[in-house]
Each structure stands twice: as structure tokens, then as C-alpha cells.
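Note sheet for the following structure.
Nothing in this text is a laboratory measurement; each read-out follows from the coordinates by a stated rule. No experiment lies behind these values; they were computed from the predicted model shown. Neighbour counts run over all protein chains shown; Cβ positions are idealised from the backbone, glycine included.
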Amino acid sequence: MKITRVLVTTVLSAGALAASAVLAPAAGASDDDHRSAGTTTVVLNPELVPVLVDTLKVKPIEPGELTAPGGVAQVSFPITEVEDDEIEHSGGLQFTPVGGGSLKITEFEVELDDGVLSADKTKLNGKKLGEVDIFVLGEAQPINGEVPSCDGVQAGLTLTPEAAAALGAPDFAGAFVGDACVVPTD
């Protein structure tokens, strides 16, 4: 995979973007203050972390938490609401896209019936884009040789055609970026 493909793929991938924040401080901005109804954690490919940190300057938006247990980069977002087939989250990501400017993605929502993870609030260079489907949910895939363990509902995340097109890179639709583990509280 060319480095250009890695850069473009990671620009729109919420989960992958968060990996770089393992080494960066949280952004001061925070979205709505919510009590947690569980947690969604995304385990990322460690090969993407240097690109994200050095090139994209990714920072988490609180209350997202970024860690690297055992040296494996992951990001967790609090679940704020579980309603029927939708699981809503607080927090988000901000970064500097490859060509410059800024991108801010917040209020992630897992839509189980539709099989997507979307960002309800997306801003590119200050312009509100509204809801953008970021990932298609699929089978979890190996990272570092094995599928990460999960005590909830697990899914592999691949970049949507909508997200790839928004970046002007439709050829990158379908790129695998990480495995999500959704664990709502009872």
C-alpha cells in the first residue's frame, strides 16, 4: 500500500485518526457533557500511528480517551445513549488534513441496522458538513496477527465511499482501519 493511500485512508477514518492521539494531548474543546452508558473502543493498526502523529497532527476531543495498553494503540469513546439500533457516543477527533486546513469529527453513532458508523457533526475548514457515514461495519480482522479480544459486540471498520469521496479520493473506499468493540452497560 502506498504511503499516499495510507494518508488519505486515515484522514477520514475516525478510528485510525485517534491512534495518533495516543501521543498527543487532548484538545481543549469538548462536545456535550454526557454520562457514560458504556464504551466503544477501537483497536488500530500500529503501522498507521507514525503517519497520524507526524503528518496529520491528530488530537482527541474530550471525553474520548486514548491509550496504548501493551503498546497497541486504541481509542475509547463513552456511549451516551442506546436506542433501538443506534448507539450514540460523545467526544471526537480533530486533525490537520494532508493538504492543510482542519477537520473535526464528533458525536459518533453506530447504526446497527444500516451497518455504518457515522459522525453526526463534521466540520471541514470550519464548514459544517453535517452527518457523514465514516465506516461500514463488517467482520473483525486481525491486528498484529490476531483479532483483538472483545467483551461486547465487535466489528471491523472499513472506509465508506461517502467518506472517501468527501476527501476527493473515491478509490480508497473499503480500506480496513481497525476493529471496534462496543460494550453498552445494562
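Once R0 is set to 22 Å, what does the formula 1/(1 + (r/R0)^6) return for the Cβ-Cβ distance between ASP113 and SER149, expressed as a FRET efficiency to the nearest 0.05? Efficiency, rounded to the nearest 0.05: 0.25. Near the amide H of LEU137, within less than 5 Å, lie the amide hydrogens of VAL116, LEU117, all on another chain or at least 5 residues away, with H placed in the peptide plane. Of the GluC sites (Glu not before Pro) found in region 92-131, those that fall in a DSSP loop while having at most 16 other beta-carbon atoms within 10 Å are GLU131.
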